[in-house]
1. With n ≥ 4 as the cut-off for DSSP H runs, can you work out [θ] at 222 nm for the chain, using -39500 (n - 2.57) per run divided by the number of residues, rounded to the nearest 500?
2. Roughly how tilted is helix 433-443, in degrees to the nearest 10 and between 0 and 90, from the longest Cα axis of the chain?
3. How much net charge surrounds residue 419 when only other residues with a Cβ under 14 Å from its Cβ are counted (Lys, Arg +1; Asp, Glu -1)?
4. Kindly provide the trypsin sites (Lys or Arg not before Pro) of the range 1-70 that DSSP labels as loop, not H, G, I, E or B, and whose Cβ sees at most 15 other Cβ atoms within 10 Å.
5. Please get the size of the charge dipole for the range 182-270, origin at its Cα centre, with Cβ charges of +1 on Lys and Arg and -1 on Asp and Glu, quoted in debye to the nearest 20.
6. In the range 103-325, with Lys and Arg counted as +1 and Asp and Glu as -1 at Cβ, which of these residues, 302, 106, 200, has the Cα nearest the positive end of the dipole, that is, farthest along it?
7. Counting other C-beta atoms within 10 Å, and keeping those with at most 13, which DSSP coil trypsin sites (Lys or Arg not before Pro) do you find in the range 272-326?
8. Could you tell me whether the range 76-204 comes out rounded, prolate or oblate from its Cα gyration tensor? Rule is a ≥ b ≥ c as square roots of the eigenvalues, rounded for a/c under 1.5, then prolate if a/b exceeds b/c, otherwise oblate.
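Readers should treat all values here as calculations from the given coordinates under stated rules, not as data from a laboratory. Nothing here was measured: the structure is a model prediction, and the numbers come from that model. Reconstructed Cβ throughout: ideal geometry from the backbone, glycine too, with neighbour counts over all protein chains shown.
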Amino acid sequence: MSAVRHLRDLLPPGVSVRKDMLDLAVTGLALDSRQVKPGEIFAALPGVRTHGRDFVAMAEDRGAVAILGTPDIATRKPLIAVEDPREALAAMAARFHPRQPQTIAAVTGTNGKSSTVEFLRQIWAMSGRKAAALGTLGVTRESGRTDVGYTTPDAIRLHKALDEIAREGVTHLAMEASSHGLKQRRMDAVKVSLAGFTNLTQDHLDYHPDFEDYFASKLRLFDTLLPSGAPAVIDVDTEWGVKVADRCRELGRDVTTIGWGGRELQIKEITPHPASQDIRLAYKGEEHRLALPLIGEFQTSNALMAAGLAIESGVSPEEVFASLSKLIGVPGRLELAATTREDCPILVDYAHTPDGLDKLLRAARPHTRGRIVLVFGAGGDRDPSKREKMGAVAQKLADLVIVTDDNPRSEDPSKIRASILKACPKAREIADRSQAIGEAVAMLEAGDTLLIAGKGHETGQIVGDRVIPFDDREAAKKALKQQGRGR
Ligand SMILES: CC(=O)N[C@H]1[C@@H](OP(=O)(O)OP(=O)(O)OC[C@H]2O[C@@H](n3ccc(=O)[nH]c3=O)[C@H](O)[C@@H]2O)O[C@H](CO)[C@@H](O)[C@@H]1O[C@H](C)C(=O)N[C@@H](C)C(=O)N[C@H](CCC(=O)O)C(=O)O
Ligand SMILES: Nc1ncnc2c1ncn2[C@@H]1O[C@H](COP(=O)(O)OP(=O)(O)OP(=O)(O)O)[C@@H](O)[C@H]1O
Ligand SMILES: N[C@H](CCC[C@H](N)C(=O)O)C(=O)O
Ligand SMILES: [Mg+2]
């Protein structure tokens, strides 16, 4: 149970209320009227589908003691009137749950956030720091994982989680900053000490009106949340990384660039092996060689991003580079789910964007003697314009393709598949994901690799409002067993 606080202790600077409201006892904050508990403040936020103001009466009926919202909102309970309720909610959530780890590294970008924050957590832990990661995979600490529902959870859930881990003694946190989270100010009151930018390619154009808005949301991490003089580690292998670096320099951030084009941390050479890659890199002109126990060029980029952030947070470069050889892969990111009797790897990955799929297929190629078999789909209620592009990538870079379902949500799954198939005529269409995986396993011959993309660590298939238990890794193992092809 959270402690009871008085409204006076929760008000951010510049927000004033009637004097008689200051001693109001507050048991918590809520942004969903359906979850309001007695004694809580209900924040009436504007949404994509509706507006929280329409649910004020419900929140009051359920026991809300005050409403946070714009001055025009009609309420029965006292109103905490503000111009921007999202900004105020973040500030109040940080006051209600006040502890935060001393060092918080926030990572943004279209792809690679979950991998980077997990690698950074591992590097910190190997150097003796009490570390955690927060993002799509939930909160990861030494003792295990707990779900937080989103990549960047809403401000209330986020500050509750930060407070909890800080109380457990976590001093170093690596967290994912999603574009939704940044735009909706979910993390505006997080004390970010350093920030990382991985890359920017198409995603989430269902939510952002255009690419510029998507980029501007990501940029908020650097121009609004990151304090002046704080370190920004930027992968400059995309044009957007170069833009972020330029902007950060203009704003007086302490910029480290990484990647093939990196100035401080540069990849010089990658030699792929079946289950690892040798990397030659230069850090501030000095050469280092190491064996990364992961496959995929993109994992090198993510590992270097984590390394750059670890160094900027104060871990010695020697310790950081030594720890890269001991990194453990991230669940659902090029995860080896099973191997056939003929040694064909079955890899499960979370590629769910055109660029993610492109990087995945290119990553698997040097490790594959035979053919690449790909099973994938695209999520419903998500950017429809990425579907055809993902189809085109599969058509070009995979040898055999099966298009199947991936969380159709409220959409007609056959229409999602049809969009993908338009650009991928060579694909077979098998709606049922488990059957698709079974057929793909049956196709495998010695030397082939099977890639199952899009769901990664997920353990459910979302159809309508229902979540049906489903795990690509389990489905692959089951198919191998049923076909008597496992080891
Ligand atoms: C697009 C998006 O960000 N949607 C989030 C947003 O919903 P919305 O704008 O549609 O809200 P709405 O339904 O219009 O309602 C407006 C307000 O009224 C409230 N309300 C609504 C109904 C009701 O009965 N009572 C009530 O109080 C809602 O809580 C909300 O505050 O605000 C809701 C409350 O916080 C979130 O649950 C919801 O996340 C939806 C479910 C979602 O799927 N979000 C995903 C896309 C997301 O945020 N993803 C990112 C990035 C993923 C990644 O790249 O990894 C993430 O950080 O996870
Ligand atoms: N640096 C990278 N560049 C391009 N693609 C990448 C990179 N890192 C990972 N990927 C691809 O993107 C997928 C998702 O990776 P990861 O989960 O680390 O990214 P994310 O940014 O957290 O994604 P999400 O926004 O969905 O949480 C991987 O499974 C892989 O296919
Ligand atoms: N976290 C991201 C990726 C989901 C991947 C895919 N499985 C889907 O459901 O679209 C999102 O919510 O857009
Ligand atoms: Mg993620």
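1. -9500 deg cm²/dmol
2. 20
3. It works out to a net charge of -2.
4. Here the trypsin sites (Lys or Arg not before Pro) that fit, given the DSSP loop and packing criteria, are 18, 49.
5. Taking the Cα centre of the range 182-270 as origin, the dipole is about 400 debye.
6. The residue sitting farthest along the positive end of the dipole is 106.
7. 284, 326
8. oblate
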